[in-house]
Structures are given as structure tokens and as C-alpha cells.
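Novice: Can you keep this structure in mind? I'll have questions shortly.
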Ligand code: BG6
């Protein structure tokens, strides 16, 4: 009988960052250089050029060559981050003051294996993450750890060609085994890859490929992805043996898509945009096989993936235990070529006349979060984590030594309200980790000017500043919201 019963809001509220955007200390503790440490900003660029660089001019071979020869941090914001590496104790104390229930960060592979192909791990790297996660535990904060948030040891690219090379699976298995055996007791949830679909839209980030020349790029992307899918399956399989009871998940950058009109052609476009950009990735990770619609697509773009015996069985065996996504915007699908465009996370999108945008042009759509949660719940029937969501904005430190950010409070309020509605819809929501809980370097725009945090970091885009942490108005708002949420559960 379907008797009326009260729905409990038992999901966890948290915050997220990534090691490559926060830690800095790019040589400290024996760390090797990573692929994200190579991303370079010309000091002569204007802030506007910096902000649009990622989408208009992806990472180049010339930049990699220059960066490999350069040991400086001046034009490499990601080498500096917010110096979280040296501030993590006080930063975690601030997160505890917020009442955070779960903290998502990533582990830098090149801190544990500086080159990626060593047989033994770097003990100083393990000690750092052990201490960081133990600090979280001490404050009652659960840990969601991403194994790869875009960055891998750069040596794996220069010596092996990156993810295109199947040998990376061997190195990854060694890395994962170390993570589980040495850090397994201080991590609660594991995510092998951040936004695995970034491969297609930002190849250097996603699969560590320089996106030129264009010829052969799709083949290289999908072959690399196949190796990442197998690594994800290995992470699940090894997790079952080495950290039994802990959940290992899969994540995409979600591009929630609406047909522009009720024209059948627009609906077909929306269906296919979602299949190729989003569902394909989670279908492989959660259902354990390549969906049939990809055969049509691979034929169309001339991609043939090289597989080996045992791959199909491994993908089945290594199906993820939860699905996760980042959510920043929604977009419109249409086959009308002249539709107005705007920016979005990782991609250019089509404009929806019913939505407003952030300062960076990303379309703000709280209801789309509820829609996405329902879609994932219906499609996979697995627990769900909203691994990233937040507002990037220019913040100003005022004379009264704070940041008044009503725009961020409004954004969070609207999006968090949709979580409760989705749970009432029947969605099995495990956690929500707000993106950039503390200001970090923006990944796309490589700038400190695009801030997401409820905690301000006094550091500018050239790396100048006191590094002081300042509570924004949104800090107090989120603290009270979390307290009320805990009360209600
Ligand atoms: C996600 C990434 O795609 O978007 C994060 O996982 C990133 O690393 C976030 O920071 C927001 O994008 P940006 O470009 O504003 O930093």
C-alpha cells in the first residue's frame, strides 16, 4: 500500500575544491609537475583576454614546451593556487565552523607518484593527504575524494603520450591500490574521475591531449576515454576488495538540455545532444557497456575504438555505486543555425530567453537542477551526489573587511530549495558539495577574479595578497542553512 509518509532530507551538505586549483606548493613534499601545472598565462594579457582564453584558444604544444622549461610560478596561477597546501588546517577549521558535513577535494597523482610510473609512492605525499583527511574526520566532516581532477603527472604525457596509451591503466591501478591501502580508512566516498565527459570539450583537461592538429583528434579522444572507462571499472573492482562498503562513483559535467520548441526536429536534436554529451559517459560507467546509439555516432565521425578481450566483462563488473554531476547551467537545443549563443561550463551553449546569466554568461536555472536529479534517478536508480554547483562572480573586499554577496546567497537559496523538492519527488540524494566553497583559481579562465567561495581569499590574479581568509555574507547564510538542515534530519 502506498500510504502517505514523511520524506526525510537525509542528504549531506558540503563544499568542494580541487587540488590543482587550491594547493599550490607545486614542488613541496616531493611533488612532481602535473599537466595542470603546465597551463600558462601571458602576463601581458588583459583580464578580458584571460577570461576568454580557455574557450577561444585551448592549450597548445608551444605552451607545453615553454612550461616544461620554466620552473617559475609567475605566470602559472595553478602552481600557486591559494596555498591550501600550507593553510589546510586553518581552512578545515573554517569549514568546520560552517558546519560542513562533507568536503570534496582531489588527490594529486603527482604528489603520490611524481612521475606516475614509479614502483613505490612518495611517502611525503601520502602523509599530507592522511593528515588533511584525518583533520576533516576530527571535525566530523566526511571526505569525498576525487582521484583525478584533470591533472596527471606530466611525465605520463611526455614519455607515454598520456591517456591514449593503454599502459596508463597499469600505472593507474598502482595509484588506486595505494590510495585504498594507505588512505582508504580516512575517505568516505571515492570518485575516480572528475567530469569524465570533459574529454570531448576540453581535451587537455579531460584526457591530457593537445587539441591540434584536428585530424585524428576524435579517434584519440575516444580511445583515451576507453582507457579511462577501464580505469574507473578497475577502481570499482579494487574498491570492492580493498575498501569494502565504501562507495565508488562516476561523474559528468551535466549540460541539462531543453528543446527550443516543440518542433520534432528540435526534440530530436535535444535527445542527441544529451546522448553524445552526457548520457554516453554515465551509461558506460553505470550500466557497464557502450550504448547502441554510440555505434551510429562513431560511424558518423569515423572513430574505431581498439578493445582487448576482457574489456567488456570488466566494464560490467566495474559499474559505479553512485552517479555524480556538476551543475552550473542549462541550454537549449535546436537545429536552427542562427540561434543566439552564450557561454557555459566547458562549452558554448544556446540561449534560453526565460533565464538570466552569470557575469560569465552561464545560464542560471535552479529548476533545471531538480529536472536533472529526476532524470538521473529515473535512468540509473542509483544514489546521486551533486558534486559541484555554485556561482562564479567578481567579489569585492569592502572597507568593513567583508564581502557582501547577496547574489551568491540568492543563487544558493534557489538551488538548494530544488534539492528538497527533488528528494520529495523520490530522488535518492546522497550529498551536495557546493563548488569552490573557499575561493580558488578558476579552472577555465585561470583567474582569481572569478570567485565561487563563501570564504574570500586575499590574493589577486598576479599572486599578490596576504592570503588572509575572510568570511563573506554567504558564509553566515550557508552556516545557518546547514544548521537548519541538520536540525530537520
Ligand atoms: C568544473 C570543474 O567544470 O567547473 C572545476 O570541475 C571548475 O574544476 C568548475 O573550477 C567551474 O569552472 P570555472 O572555469 O569557472 O573555474
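Values quoted throughout were computed directly from the atomic coordinates according to the rules given, and no laboratory measurement underlies them. Everything numeric here is computed off the predicted structure, so don't read it as measured data. Cβ sites come from the backbone with ideal geometry, for glycine too, and all protein chains shown count toward neighbours.
Novice: How much length is gained if the chain between residue 73 and residue 115 is pulled fully straight, taking 0.36 nm per residue apart and subtracting their Cα-Cα distance, in nm to one decimal?
Specialist: Result for the pair: 13.2 nm of gain on full extension.
Novice: Among rounded, prolate and oblate, which fits region 12-488 when a ≥ b ≥ c are the square roots of the eigenvalues of its C-alpha gyration tensor, a/c under 1.5 means rounded, and a/b larger than b/c means prolate?
Specialist: Rounded is the answer for region 12-488, as its axis ratio a/c remains below 1.5.
Novice: Counting other C-beta atoms within 10 Å, which of 242, 346 has the fewest, and how do the rest follow?
Specialist: Ascending number of Cβ neighbours within 10 Å: 242, 346.
Novice: I would also like to ask the following. Each label point is 7 Å from the Cα along the Cα-to-Cβ direction; what then is the distance between the points at residue 160 and residue 316, in nm?
Specialist: 2.8
Novice: Follow-up question, since we're still on this one. When the chain is fully extended, how far beyond the present Cα-Cα distance does residue 348 get from residue 467, taking 0.36 nm per residue of separation?
Specialist: 39.5 nm
Novice: Follow-up question, since we're still on this one. Just grab the label-to-label distance for residue 170 and residue 488, each label 7 Å out from Cα along the Cβ direction, in nm (one decimal).
Specialist: 5.3
Novice: Taking the beta-carbon count within 10 Å as an exposure proxy, list 411, 328 from fewest neighbours to most.
Specialist: Ranked by crowding around the Cβ, least crowded first: 411, 328.
Novice: A further question on this structure: Per Stokes-Einstein, at 25 °C and 0.890 mPa s, what whole-number D in µm² s⁻¹ belongs to region 225-377, with the Kirkwood radius over Cα pairs as the hydrodynamic radius?
Specialist: In µm²/s, the coefficient is 144.
Novice: Restricting to bridges with both residues inside region 12-488, how much of the DSSP beta-bridge set is antiparallel, in percent to the nearest 5?
Specialist: For region 12-488, the DSSP antiparallel bridge percentage is about 20.
Novice: What FRET efficiency would be calculated for the residue pair residue 27, residue 298, taking the C-beta separation as r and a Förster radius of 45 Å, to the nearest 0.05?
Specialist: 0.60
Novice: Arrange the following residues from fewest to most other Cβ atoms within 10 Å of their Cβ: 468, 379.
Specialist: Fewest-to-most Cβ neighbours within 10 Å comes out as 468, 379.
Novice: What is the pair-distance distribution P(r) of region 190-279, computed from all Cα-Cα distances in 10 Å bins starting at 0, with each bin given as a whole percent?
Specialist: 16, 34, 30, 17, 3, 0
Novice: What is the mean projected area of the alpha carbon convex hull for region 132-224, to one decimal in square nanometres?
Specialist: Over every viewing direction, the Cα hull of region 132-224 projects on average to 6.6 nm².
Novice: Given the DSSP H assignment, sum -39500 (n - 2.57) over each helix run of at least 4 residues in the chain and divide by its residue total; what's the result at 222 nm in deg cm²/dmol, nearest 500?
Specialist: It lands at -12000 deg cm²/dmol.
Novice: Name all residues of region 267-302 having a backbone nitrogen under 14 Å from the label point set 7 Å from the Cα of residue 335 along its Cα→Cβ direction, giving them as ranges.
Specialist: From region 267-302, the list is 267-273.
Novice: Any chance you could run the full-extension gain for residue 356 through residue 138? It's 0.36 nm times the residue separation minus the Cα-Cα distance, nm to one decimal.
Specialist: Between residue 356 and residue 138, full extension yields 74.4 nm more.
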